[in-house]
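The values are calculated or read from the model by the stated rules, or taken from the named source; none is laboratory data. Predicted model, so just to flag it, every value in this text is computed and none were measured. FYI the Cβ positions are ideal-geometry reconstructions off the backbone, even for glycines, and counts take in every protein chain you see.
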Amino acid sequence: MQGKKPFLDKEVTRFRLSDRVPPHNLYRWLAEVVDWTFLYDETRGLYSHTGQPSLDPVVFFKLVLVGRLENLVSDRRLVEHCRLRLDILYFLGYEVDEDLPWHSTISRTRQLFPTAVFKHLFDHVFAQCVVATQAIGSAFVKANASLERLCEKQSAVTPCPCY
C-alpha cells in the first residue's frame, strides 16, 4: 500500500536549537573556537553612547563571515539564507522565533566601519579561524606518490612523457 505523509503545521512547545545542530557542524565549531569578545573593545569608539542600541558588532561580523563562507554577496539574500538554516541561527545566537536584523541594518553597519578598520577586524577573525583549523584539522595522511613519475607541468596540447 502506498503511504502518504500528512503535514500538520503544529506548534512545537519543546524545542532546543542546540539539540538540532550536530557537534561536527562547521558553524557550531566556529562558535566554540573563535573568540569574538575582542570586537566589543575594538569597535566601542565607533558607536555613540546615546540613542537606540545598535546591531551587536559580534553578530555583524558573524553575518559577514557567513556571507563569505556561503558566497552570498547580497545582504537581502544573506538574511533570507540565515533564516532557513538552524546551524547559522545557532552560530549567530538567534532563536528560531527571533527576527534577524534587517538587510538595511547590515548595510548601514558596514558603512559605519572605515574600510581599514573593517578589514583589520575581519582579518583578525579570519586568522583565528585559520589557526583553529590548522590546530584541529591536521592529520597524517599516507602519501601515494612517486618521485620517478614527477614531471614538469606541460601545456594541454603536449602530453606529459611520464605516462
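Of all residues in the range 59-86, those being under 12 Å from the mean Cα position of the chain (by Cα) and either of a type in the set (A, V, I, L, M) or surrounded by fewer than 20 Cβ atoms within 10 Å (Cβ to Cβ) (or both) number 14.
Residue check: Phe91 meets all listed conditions (1) closer than 21 Å to His120 by Cα; (2) touching a residue at least 24 places away in the same chain (Cβ under 8 Å) but one, namely (1). Please verify whether the range 6-22 includes one or more residues that are free of Cβ contacts under 8 Å to residues at least 12 places away in the same chain and under 15 Å from the mean Cα position of the chain (by Cα). Scanning the range 6-22, I find no residue that is free of Cβ contacts under 8 Å to residues at least 12 places away in the same chain and under 15 Å from the mean Cα position of the chain (by Cα), so the answer is no. Arg83 - would you say it is in contact with a His (Cβ under 9 Å, 6 or more places away or on another chain), modelled with pLDDT of 90 or more and farther than 25 Å from Ala127 by Cα? It is false that Arg83 is in contact with a His (Cβ under 9 Å, 6 or more places away or on another chain), modelled with pLDDT of 90 or more and farther than 25 Å from Ala127 by Cα.
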